[in-house]
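Take a look at the structure below.
The values are calculated or read from the model by the stated rules, or taken from the named source; none is laboratory data. Owing to the predicted nature of the structure, the values given are computational and were not obtained by experimental measurement. Neighbour counts run over all protein chains shown; Cβ positions are idealised from the backbone, glycine included. All accessible areas refer to the heavy atoms of the entire protein, side chains included, with ligands and DNA or RNA removed. Shrake-Rupley method; radii C 1.70, N 1.55, O 1.52, S 1.80 Å.
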Amino acid sequence: MSLILVGVDGSDASADAVKWAAGAAAAERLPLKIVAAYTSTTSDYAPGLVIPQDVIDAIRAEATAAVQKAAEVARAESPDIEVSGSIVEGDAARVMLEVGEHAHMIVLGTRGLGSVKGLFLGSVSTSVAAHAKGRVVIVPAGSTTGDGPIVVGVDDSAISDPAVAEAYRQAGIRNRTLTAVHTWTPLDADALHGFGLDQGEIDEMSRQAVEAVSERMSGYSQDYPDVEVNRVVIPEEPAKAILDAANDGASLIVMGSRGRGGFTGLLLGSRSQKVLHHAHVPVMIVRK
């Protein structure tokens, strides 16, 4: 199913996600499908409670209105794309994972405000990003689609290859520059000085890291000769390095599902939460 899938709930965060997804659909030349998840069941605290039919109908109507509103936003953002929509009963994360199992990309916002609740809460976005098989983009509320660089974290092993390949592809189709960030130690320069390393030793380690990263990326540069690449190779905590690079006006952060070396655990646990919670631009998670 070659399409872009975006989840909506009628909130402002939902609209931001739809705008980004519509732009992605235009860039990828793919149709856009809009989905609103809703539930008509009670919680475990009231398992025997029967919800009146008129309440269920109201919930469905609100979900339908959210999809219709999102379709208008999408068409205004990218008039030439094909747009479809549906509402699906069920847990929001499960719905997005099931409907988006074969999608080219799943797009979610970071929080929801409407009564079609839960779709954009952190736990849902994190769950979908962790379990979806392909690309997942988390769009922060209030973010805008600019023309800044694509930022990607680069390891000196094959672990980061899927993210690097996707970052090059995104830079190519969007005509963006690419900023490749590699951290060869999770310690910053001041900490290394504290361990007795002088500046010359630190510079030599950085030089070796630059060579390793350049060799790792050489094949992609041949495949995308028109993509301008800026390399940031520093001693630094990985999530901070990526966030700092993105704060210079990036349009997208691309990250792999896991890392090794300087990027160990970047998308597993506290450091993944740091990037997803503190980034002011969309974050794309790429799994093999």
Residues of the range 54-76 satisfying the condition of being open to solvent by less than 60 Å² (accessible area, probe 1.4 Å) and within 23 Å of the chain's Cα centre (by Cα): Ala66, Val67, Ala70, Ala71, Val73, Ala74
Pick from the range 195-233, criterion touching a strand residue (DSSP E or B) at 6+ places or on another chain (Cβ under 9 Å), open to solvent by less than 60 Å² (accessible area, probe 1.4 Å) and not in a helix (DSSP H, G or I), ranking: modelled with the lowest pLDDT: Val233
Total residues in the range 73-103, condition among the basic types (Lys, Arg) and modelled with pLDDT under 95: 1
Just for the range 104-137: of the residues that are open to solvent by 10 Å² or more (accessible area, probe 1.4 Å) and modelled with pLDDT of 85 or more, which one is nearest to Ala61 (Cα to Cα)? His104
Please specify each residue of the range 234-254 satisfying the condition of being in contact with a strand residue (DSSP E or B) (Cβ under 8 Å, 6 or more places away or on another chain) and of a type in the set (Lys, Arg). none
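Could you identify the single residue in Leu192, Leu187 that is of a type outside the set (D, E, K, R), at pLDDT below 90 and outside any helix (DSSP H, G or I)?
Working: Leu192 fails: outside any helix (DSSP H, G or I).
After applying the criteria, what remains is Leu187.
Being modelled with pLDDT under 70 and hydrophobic (A, V, I, L, M, F, W, C), is that true of even one residue in the range 258-266? Break it down into steps so the answer makes sense when it comes.
Of the range 258-266, the ones modelled with pLDDT under 70 are 258-266.
Subset that is hydrophobic (A, V, I, L, M, F, W, C): 263, 266.
Looking for residues that are modelled with pLDDT under 70 and hydrophobic (A, V, I, L, M, F, W, C), one finds at least one in the range 258-266, hence yes.
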Residue by residue through the range 77-103, note down the ones that are open to solvent by less than 40 Å² (accessible area, probe 1.4 Å), within 22 Å of Leu276 (Cβ to Cβ) and either among the β-branched types (Val, Ile, Thr) or touching a helix residue (DSSP H, G or I) at 6+ places or on another chain (Cβ under 7 Å) (or both). Ala92, Ala93, Val95, Met96, Val99
